[in-house]
Amino acid sequence: MRDSAAREVTVRVNGRPVSVPAGASVAVAVLLAGRTCRTSVTGEARAPLCGMGTCFECRVTINGEAQRRSCQTLCQPDMEISAHE
Amino acid sequence: MSDTRQFAFGVVVIGGGPAGIAAAIAAAESGARVALLDDNPRPGGQIWRGGPGAVHRADAGSWFERLERSAVTKIYGARVFSAGDGFVEAESDEAVLRVNYRSLVLATGARERFLPFPGWTLPNVMGAGGLQALVKSGLPIEGKRVIVAGTGPLLLAVGAYMKEHGAKVLCICEQTTWTKFMGFGLRMTLLPGKIREALQLKVQIRGIPYRTNCWPVSATGSDRLESVRISDGGEIREIECDYLACGFHLVPNLELPRLIGCRVEGDFVQVDEMQRTSVANVYCAGEPTGIGGLDLSLAEGRIAGHAAAGNEDAARKLGPRRASYRKVVPLMAEAFRLRSELKRLARADTLVCRCEDVPFERMKNFDSWRAAKLQTRCGMGPCQGRVCGPATEFLFGWRVDSARPPVFAVKCSSLAEMAVGAGESRQ
């Protein structure tokens with residue numbers, strides 16, 4: 001019990017709780033929630049492309065801070081993530 | 001508002017992949033006070049992404065251990081966005097770091113080259129290394145149908161990795177020819193340790209169709225990827241899948257070397273036998289000096305680290321090792337050269353610049369990167385042309401070679417702290 005709790009982290013994506021493995025990136029939490037990341041300048045839904053912090057397609061709002069690269073940010077307990085609706 | 005924190009080290013290494021790790025350890029062994037800075041939350045760069053906890057080639061573990069045991073100051077989650085005389089500036093979540101150095105080692109690595117084709121902006125169309133990075137970051141891939149496509153040895157590694165993690169790898173589509181691919185494979189096996197690696201890989205990818213002369217033509221899906229059309233030996237086939245992992249080999253990350261003024265010739269930073277660049281006290285190691293893979297990066301990193309710490313004797317001893325792995329660079333470039341058919345994948349309305357949503361038809365009639373940027377905003381978004389720049393180099397033959405601070409999109413508060421005014425570096 002204790003172990004599995006330590007190995008998982010729960011965050012909220014667009015208000016819905018999602019459990020991810022400890023050490024998972026925010027991008028993973030967004031994809032596991034069935035969401036995509038940012039909305040493009042012409043309104044398209046975008047999701048991670050490069051996975052390494054260079055393409056900026058994975059930007060989301062984390063704890064109220066916009067434009068964060070979700071692939072370069074690790075999930076912390078109770079993070080509030082807001083992604084493309 | 002961020003605050004600025006000041007640090008000073010003898011040797012500062014930028015980039016925590018294999019080259020940077022090797023450089024930092026070598027510099028510390030040679031007696032320098034060393035700092036290692038990396039944008040990622042953990043060391044390892046791309047090839048060893050996920051840090052010590054993840055599974056890598058056997059020797060990765062000992063490098064991580066040596067790094068851990070060393071006296072190197074590790075600063076992760078810090079994006080270097082600016083540089084001046086004897087210092088670099090980085091942004092972390094909490095602060096702007098101004099890190100002063102006597103010697104600097106640039107180990108900025110490489111990224112994948114992406115090429116536009118209809119549907120490439122759909123969610124779940126990713127880089128080959130891109131999908132691998134996501135899986136290493138915790139994305140479950142078991143039971144998912146994956147097509148790996150593009151070009152380069154990375155495709156094989158990614159296919160093997162996905163299979164090992166339970167994905168159904170439907171196909172590896174390699175755009176180069178069978179003759180070129182086999183020629184490359186045979187010549188690689190002449191290098192130390194490579195026969196074993198090749199045989200291991202062969203076992204790992206057993207059962208996955210490996211197609212040469214094969215590339216993606218388009219991707220379709222309503223709100224995310226549903227199927228991919230591939231050109232396979234001249235025939236078009238449509239395959240349903242969950243992920244397309246597609247990258248066209250690697251391009252070096254030259255933004256920071258260029259900002260600092262290091263001479264770049266062809267596509268790479270010019271270095272001498274000590275990994276010295278054209279700028280005094282600035283060294284460069286790994287992919288930015290030529291795409292040559294892990295063993296070359298480790299050798300160059302060690303040389304750069306020792307030399308940056310003033311221990312040129314130790315650096316010189318590694319010369320033969322570097323020379324043997326250096327042979328990979330031209331072999332790789334030739335084997336995975338992009339075929340011209342790939343220039344015709346994008347249709348008029350296919351986006352080329354994904355940050356600013358600029359389609360192919362708006363870009364194709366310009367004669368330079370600069371002109372296209374000014375008129376269409378391509379390359380002006382947050383990625384600063386890191387994605388569309390290498391694509392347009394191939395599609396239109398443009399040279400993408402400007403770099404000015406900040407070389408990374410940063411918070412306004414970090415810009416306010418930037419010591420080097422953007423005006424200073426404008427020509």
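Kirkwood's formula applied to the C-alpha pairs of the stretch B:162-241 gives a hydrodynamic radius of 14.4 angstrom. Rounded to the nearest whole Hz, the Karplus-based 3J(HN,Hα) values (6.51 cos²θ - 1.76 cosθ + 1.60, θ = phi - 60°) of the stretch A:35-43 follow the sequence 9, 10, 8, 9, 9, 6, 5, 9, x, with x at glycine and proline. How about the stretch B:55-91: which trypsin sites (Lys or Arg not before Pro) there are in a DSSP loop, with at most 10 other Cβ atoms within 10 Å of their Cβ? Nothing satisfies the criteria. Annotation: amide H-H contacts under 5 Å for B:PHE9 (H modelled 1.01 Å from N, sequence separation of 5 or more, or interchain): B:ASN100, B:TYR101, B:ARG102.
Given the options B:GLY15, B:GLY152, B:GLY305, state which has the largest fluctuation in a GNM of chain B using a 10 Å cut-off (strictly under) for Cα springs. Its mean-square fluctuation being the largest, the pick is B:GLY152.
Defining a contact as two alpha carbons under 8 Å apart and six or more residues distant in sequence, what relative contact order in percent does chain A show? Mind showing how you got there, number by number?
On the way: 175 pairs, mean separation 29.5, N = 85.
Contact order relative to length: 35 percent.
Quick one, can you get me the convex hull of the C-alpha atoms of chain B expressed as volume per residue in Å³? List each step's numbers first, then the result.
Working: hull volume 59.0 nm³, N = 427.
In chain B, the Cα convex hull volume per residue is 138 Å³.
In percent, how large is the relative contact order of chain B, given Cα pairs closer than 8 Å and 6 or more residues apart? Provide the component values of the computation, followed by the final result.
Values: 942 pairs, mean separation 83.1, N = 427.
In percent, rounded to a whole number, it is 19.
Looking only at other chains, what is the average number of their beta-carbon atoms within 10 angstrom of each beta-carbon in B:119-130? Going residue by residue through B:119-130 and averaging, the value is 5.
Largest GNM mean-square fluctuation among B:GLY221, B:GLY301, B:GLY20, using chain B with Cα springs under 10 Å: B:GLY221.
What the Cα atoms of the protein assembly as shown give is an Rg and a Dmax of 21.7, 63 Å. For the stretch B:30-171, the calculated P(r), taken from all Cα-Cα distances in 5 Å bins from zero up to the bin holding the longest distance, is 2, 8, 15, 17, 17, 14, 12, 9, 5, 2, 0 percent. Close amide-amide hydrogen proximity is noted between B:CYS241 and B:SER227, B:VAL228, each under 5 Å apart and 5 or more residues distant or on a separate chain (H modeled in the peptide plane; Pro and chain starts excluded).
With a Förster radius of 51 Å applied to the C-beta separation of B:TRP178 and B:GLN6, the computed FRET efficiency comes to 0.35.
Is there a simple number for the mean count of other chain Cβ atoms within 10 Å of the Cβ of residues in B:402-414, and what is it?
Values: counts 0, 0, 0, 0, 0, 0, 3, 4, 0, 2, 0, 0, 0.
Partner Cβ neighbours, averaged per residue: 1.
Annotation: amide H-H contacts under 5 Å for B:CYS171 (H modelled 1.01 Å from N, sequence separation of 5 or more, or interchain): B:VAL148. Taking θ as phi - 60° and the Karplus parameters 6.51, -1.76 and 1.60, the scalar couplings of the stretch B:92-97 work out to 10, 4, 9, 7, 9, 9 Hz in sequence order, x denoting glycine and proline.
Compared with the direct C-alpha span, the chain from B:ALA95 to B:GLU240 gains 47.6 nm at full extension, assuming 0.36 nm per residue.
Assuming R0 = 35 Å, what is the FRET efficiency of A:GLN67 and B:ARG145, from their Cβ-Cβ distance, to the nearest 0.05? Efficiency computed from Cβ-Cβ geometry: 0.60.
From the alpha carbon centroid of the stretch B:232-304 to that of the stretch B:57-119 is 15 Å. Once you've got the GNM for chain B with C-alpha springs shorter than 10 Å, pick whichever of B:SER137, B:SER103, B:SER92 has the biggest mean-square fluctuation. With Cα springs under 10 Å in chain B, the top fluctuation among B:SER137, B:SER103, B:SER92 is at B:SER137. Here each label is just a point 7 Å from Cα along the line to Cβ, and for A:GLU80 and B:ALA58 those points are 5.1 nm apart. With the helix formula -39500 (n - 2.57) applied to DSSP H stretches of n ≥ 4, chain B reaches a computed 222 nm mean residue ellipticity of -9000 deg cm²/dmol.
What percentage of all Cα-Cα pairs in the stretch B:157-308 are separated by more than 28 Å?
The proportion of pairs with Cα distances above 28 Å equals 40 percent.
List residues of the stretch B:59-79, by number, whose backbone nitrogen lies under 16 Å from a label position 7 Å along Cα→C-beta of B:GLU197. Label zone hits: B:59-63. Between B:ASP272 and A:ARG16, the FRET efficiency estimated from the beta carbon spacing at R0 = 45 angstrom works out to 0.20.
Between the DSSP loop rule and a limit of at most 14 other Cβ atoms within 10 Å, which trypsin sites (Lys or Arg not before Pro) in the stretch B:191-282 are left?
Numbers: sites: B:LYS194, B:ARG196, B:LYS202, B:ARG206, B:ARG211, B:ARG224, B:ARG229, B:ARG237, B:ARG258, B:ARG263, B:ARG276; in loops: B:ARG206, B:ARG224, B:ARG263.
Answer in residue order: B:ARG206, B:ARG263.
Taking only the alpha-carbon positions of the stretch A:4-82 and ignoring solvent, what does the Debye formula give for the base-10 log of I(q)/I(0) at q = 0.15, 0.19, 0.23, 0.27 Å⁻¹? Treating every Cα as an identical point scatterer, log10 I(q)/I(0) equals -0.44, -0.71, -1.01, -1.34.
Cysteines of chain B lacking any other cysteine Cβ under 4.7 Å from their own Cβ: B:CYS171, B:CYS241, B:CYS246, B:CYS262, B:CYS284, B:CYS355, B:CYS383, B:CYS412. Across the stretch B:273-286, computed HN-Hα scalar couplings (Karplus, 6.51 cos²θ - 1.76 cosθ + 1.60, θ = phi - 60°) run 5, 9, 6, 6, 8, 6, 9, 4, 6, 10, 10, 9, 9, x Hz from first to last residue, x flagging Gly and Pro. Take each residue in A:23-31, count the other chain C-beta atoms within 10 Å of its C-beta, and the mean is 5.
Could you sort out which of B:LYS202/B:LYS317; B:LYS168/B:LYS373; B:LYS74/B:LYS411; B:LYS194/B:LYS317; B:LYS373/B:LYS411; B:LYS74/B:LYS144 sit more than 31 Å apart by Cα distance in this structure? Before the final figure, lay out the partial values.
On the way: B:LYS202/B:LYS317 34 Å; B:LYS168/B:LYS373 41 Å; B:LYS74/B:LYS411 23 Å; B:LYS194/B:LYS317 22 Å; B:LYS373/B:LYS411 23 Å; B:LYS74/B:LYS144 36 Å.
Among B:LYS202/B:LYS317; B:LYS168/B:LYS373; B:LYS74/B:LYS411; B:LYS194/B:LYS317; B:LYS373/B:LYS411; B:LYS74/B:LYS144, the Cα-Cα distance tops 31 Å for B:LYS202/B:LYS317; B:LYS168/B:LYS373; B:LYS74/B:LYS144.
Measuring gaps between exposed loop sites in chain B (GluC sites (Glu not before Pro); DSSP loop; at most 11 other Cβ atoms within 10 Å), the longest gap, sites not included, is B:143-427. Distance between the pseudo-spin-label points of B:GLN375 and B:ARG344 (7 Å out from Cα toward the beta carbon): 2.4 nm.
With both labels modelled 7 Å from their Cα along Cα-to-Cβ, the B:SER368 to B:GLU334 distance reads 3.4 nm.
Every number here is computed from the coordinates shown, using simple stated rules; none is lab data. Remember, it's a predicted structure, so these values are computed and weren't measured experimentally. Positions of Cβ are backbone-derived with ideal geometry, glycine not excepted, and every protein chain shown enters the neighbour counts.
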